[in-house]
Amino acid sequence: MYSQPYQPEIIEKKWQQIWDESHAFEAKSDYAKPKYYCLIEFPYPSGAGLHVGHPRSNTALDIIARKRRMEGYNVLYPIGWDAFGLPTENYAIQHHVHPAKVTRENIDHFRRQLKRIGFSFDYSREVDTTDPNCYRWTQWIFLKLFEHGLAYKAEMPINWCTSCKVGLANEEVVDGVCERCGSEVVRKVKNQWMLRITQYAQKLLDGLDTVDFIDRVKAQQRNWIGRSEGAEVDFAIEGSDTTLRVFTTRPDTLFGATYMVISPEHPLLHQMKDRIPNMDQLSAYQAEAARKSDFERTELVHEKTGVAIDGVQAINPVTGQAIPIWVSDYVLMSYGTGAIMAVPGHDTRDWEFARAFNLPIVEVVAGGNIDEAAHTDIEEGILVNSGFLNGLHVTEAKEKMTKWLEEKGLGERKVNYKLRDWVFSRQRYWGEPIPIVHCPQCGAVPLKESDLPLLLPEVEHYQTTESGESPLAAISDWVNVPCPACGGPAKRETDTMPQWAGSSWYFLRYCDPHNDQAFASQQALDYWLPVDWYNGGMEHTTLHLLYSRFWHLFLHDIGQVKAPEPYQKRTSHGMILGENGEKMSKSRGNVINPDDMIDEIGADAFRMYEMFMGAFDQAIPWNTNGARGCRRFLDRVWRLQDMVDDKAKGLSSDLAVNVNSTIKKVTEDYERMKFNTAIAALMTLVNDYTAKGSITRDEFKALLLLLSPVSPHICEEIWQQQGYGDPVWGQPWPQYDESKLVGDQVEIAVQINGKVRGKLMVPSALDKLEGERTLPDSLAVRQLVGDRSVVKTIYVPGRLLNLVVK
RNA sequence: GCCGGUGUGGCGGAAUGGCAGACGCAUGGGACUUAAAAUCCCCCGCCUCACAAGGGCGUGCCGGUUCGAGUCCGGCCACCGGCACCA
């Protein structure tokens, strides 16, 4: 009997120390070797520590990273800290400590927790976004964006979180409330730094065709970018030189445009105010619309309100008829031109509005009943009541109308995107300072590159001021500086960058993290990029993933990186839910702490359960008993040491098929992220070994190599104790013998009319034709058929025989 | 409303158009033990049947294709995620 019990708490510490001291997982700067870059989203080092969601992503790519090393690749699997951000700052305010100190402590805590799980990260390349040597380059990229006209300052209504006291990007507002804290978001006009991500809308869309992202990620990005094709059309305003421009995706329905609607913020109102008799009424409506918070706007859907503009009419360019212009908040200033042509016959919103205010409804595409509802299902319709378009299919009509508009100079083809520019300023302390000086003479002046990094100054209070200004605004000797251009008195920008800044390029820094001449050397970037495999959460699909692709496309355009797209492959893991099937949260009291689990079952079993619990891309409830089952499995693996027969050589004949097919299955399943079935196959193999009662050294060895990416510590320990030689992490990945995947004989099912009626042993080499010729004559099959006659015979080699009988 | 995804035992789940329920969890039974824990073994979808054998039914619902459908096609339903007065 093997006397020593399995003690993960001892062997895991032991091997973690050995990995550390031997620099086992540091990426080599050997640019001749084939490389593989595995990336997980770097964590935000919160005070709460690691939760069980982090290890799901980390273990998955740790398996890939460890497998790639065994396959001979130079692997980069880095880790870092997305350490700027509000929770740390709020904690610092509350407890009167410096956020940098809080950050340092949290990082140390996170690193300890991660090391305890045995991830093969290259800790020598840690990136910390709050380190001036790092954010210096974040500022540098900002200067480049500014230099290329992609960063600009604008007075504009922004989403203002009333609790965080900070402006938010559109992407950070969810259901009208702050994504982070859930508080009400109101619109507030502020002077904000913006990034022109809209200029990259088409490139962000096109790039998706060149990369290997899972479909739902691509779909969500496309959806968010929201491209739509159509035309812009000018409507003349009666009795003036002005025209009112609209965007429409359905130029073919122009004959059905019976009125127009402009958004309450549309400049036309102000422009025409002298000839509008009911301006008071309109101003009141404008004020009403402005008061509505985003929350109210999303809640109060479908109840159409509006006011007609008296004394001003537009001319429908195809019918020549004068049509009224209305103001309504169902038309958004931020999309298209802020004005629409209303086609109530074929648009639900226009139909409701027309009904509410008694406006004419005209059918221009046949097939519906416009007295009952708008006829919107018109992709295949035929035009009616439409002059020169009558009788045409909508597709032809669209084309003909667009050409007609272009010829007459009344409009043009146009593509619109839902994507908005990115609000980039935050009125907060704990972020990268924006390296700009505002000079009354020269305007916004960038710092010189040689003056970077612009350090965050020490302040007394980290709180946003009551007027909504950054805490940096209160430090007058930091704020007041000479203008870098003219030397006159000027003031620094006091807003800081959002947390998304650092995460938009951190993966580039990993390539060469200690470089102080550039964000990374050209050679390192050329070698390591693109990231070969990036795994992360679905919640980052429209934020981080889009932003970082944008920055990378930009860096590509200015010649800093070779490839346009940063990530070759993107996968996403499913969320881990609490044991009750609900989302894990402190308030629900269903949070599982990784440290507690590791104390109980060890890191190897914990890692295994994270991968075994279910399909990797699905949300799965945690089950502590299931995790204990993984520990029991590792106990069985440990006890296999009692069964090793030192004298037996190679693979025993009755296990050769099991071992070879397991190697094949596990190898393929790891690549497809089917970790649960790979582990199930390993369990089956161990069951086979146990049932046999004795195994050869080679049989044990194959198991350890296959299991090592999932549960590395126990494999290293057994490997060493069994005297297999150099550590597992440097061993070649096991290969299978194609000729040993099936035995000489296989059991097949015998079906009569598609129903299983018996089993039969047949030679596995038997082919389809030969099987169909010979098998029906065998005794067992003849008994099943009885005196019925066989009409048809189908033999699927190695699977089944189906006889159709009458 | 639009775009994705998912529906299979008590539970998590498995199944290139080919034996539905692998693997694990839970439950029950047994062995070992003075006892317990640990470990090992067995059973474990529903119905029929005294039992066994045997048979029937079964992958959200309705239809279709096929020798054969959880898988493919058509039409629904439910749930989850994302987007949404986006013209």
Task: A:Asp726, sole failed condition from (1) part of a helix (DSSP H, G or I); (2) within 17 Å of A:Ser120 (Cβ to Cβ); (3) not hydroxyl-bearing (Ser, Thr, Tyr) - done: (1)
Open item on the list: Looking at the structure I just gave you, is A:Pro712 under 29 Å from A:Gly72 (Cβ atoms) and buried (at least 18 other Cβ atoms within 10 Å of the Cβ)?
Closed with: yes
TODO: Provide a single number: the residues in the stretch A:491-512 that are touching a Cys at 6+ places or on another chain (Cβ under 9 Å) and aliphatic (A, V, I, L, M).
DONE: 0
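Residue-wise test of (1) open to solvent by 30 Å² or more (accessible area, probe 1.4 Å); (2) over 23 Å from A:Gln721 (Cβ atoms).
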{"position": "A:Gln641", "(1), (2)": "no, no"}
{"position": "A:Asp645", "(1), (2)": "yes, no"}
{"position": "A:Asp654", "(1), (2)": "yes, yes"}
{"position": "A:Val659", "(1), (2)": "no, no"}
{"position": "A:Glu668", "(1), (2)": "yes, yes"}
{"position": "A:Glu671", "(1), (2)": "yes, yes"}
{"position": "A:Ala678", "(1), (2)": "no, yes"}
{"position": "A:Asn687", "(1), (2)": "yes, no"}
{"position": "A:Lys692", "(1), (2)": "yes, no"}
Open item on the list: It is to be established whether one or more residues within the stretch A:725-747 are among the acidic types (Asp, Glu) and within 16 Å of RNA strand B (Cβ to nearest atom).
Closed with: yes
TODO: Can you work out which of the residues in the stretch A:432-466 that are of a type in the set (Gly, Ala, Ser) and open to solvent by less than 80 Å² (accessible area, probe 1.4 Å) is farthest from the chain's Cα centre (by Cα)?
DONE: A:Gly443
- [ ] Please state which one of A:Lys144, A:Lys115 is of a type in the set (D, E, K, R), in contact (Cβ under 8 Å) with a residue 40 or more places away in the chain, at negative phi and open to solvent by 50 Å² or more (accessible area, probe 1.4 Å).
- [x] A:Lys115
Open item on the list: Quick check on my filter: what residues within the stretch A:218-275 are under 26 Å from A:Leu389 (Cα atoms), out of contact with any helix residue (DSSP H, G or I) (no Cβ under 9 Å at 6 or more places or on another chain), more than 11 Å from RNA strand B (Cβ to nearest atom) and among the polar types (S, T, N, Q)?
Closed with: A:Thr243
Open item on the list: Return the residues of the stretch A:752-798 that are within 51 Å of the chain's Cα centre (by Cα) and part of a loop (DSSP other than H, G, I, E, B); say none if nothing qualifies.
Closed with: A:Asn753, A:Gly754, A:Ser764, A:Ala765, A:Leu766, A:Asp767, A:Pro797, A:Gly798
Task: Candidates A:Gly626, A:Gly574, filtered to the one that is farther than 30 Å from A:Leu741 by Cβ and surrounded by fewer than 17 Cβ atoms within 10 Å (Cβ to Cβ) - done: A:Gly626
- [ ] Could you tell me whether the stretch A:780-793 includes any residue that is open to solvent by less than 40 Å² (accessible area, probe 1.4 Å) and more than 12 Å from RNA strand B (Cβ to nearest atom)?
- [x] yes
TODO: Mind counting the residues in the stretch A:25-63 that are out of contact with any His (no Cβ under 9 Å at 6 or more places or on another chain), open to solvent by less than 20 Å² (accessible area, probe 1.4 Å) and within 12 Å of A:Phe119 (Cβ to Cβ)?
DONE: 8
- [ ] Report those strands (runs of 3 or more DSSP E) wholly inside the stretch A:1-93 carrying at least 3 residues which are within 21 Å of the chain's Cα centre (by Cα).
- [x] A:35-40, A:78-81
Open item on the list: It is to be established whether one or more residues within the stretch A:305-328 are of a type in the set (S, T, N, Q) and not in a loop (DSSP other than H, G, I, E, B).
Closed with: yes
- [ ] Can you tell me which residue among A:Asp516, A:Asp495 is open to solvent by 30 Å² or more (accessible area, probe 1.4 Å), touching a residue at least 60 places away in the same chain (Cβ under 8 Å) and either more than 16 Å from RNA strand B (Cβ to nearest atom) or more than 30 Å from A:Met575 (Cβ to Cβ) (or both)?
- [x] A:Asp516
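The values are calculated or read from the model by the stated rules, or taken from the named source; none is laboratory data. This is a predicted model, so every value here is computed, not measured. Please note: Cβ atoms are built from the backbone with ideal geometry, for glycine as well, and neighbour counts cover all protein chains shown. In case anyone asks, the SASA skips ligands and DNA or RNA and just uses the protein heavy atoms, side chains included. Shrake-Rupley method; radii C 1.70, N 1.55, O 1.52, S 1.80 Å.
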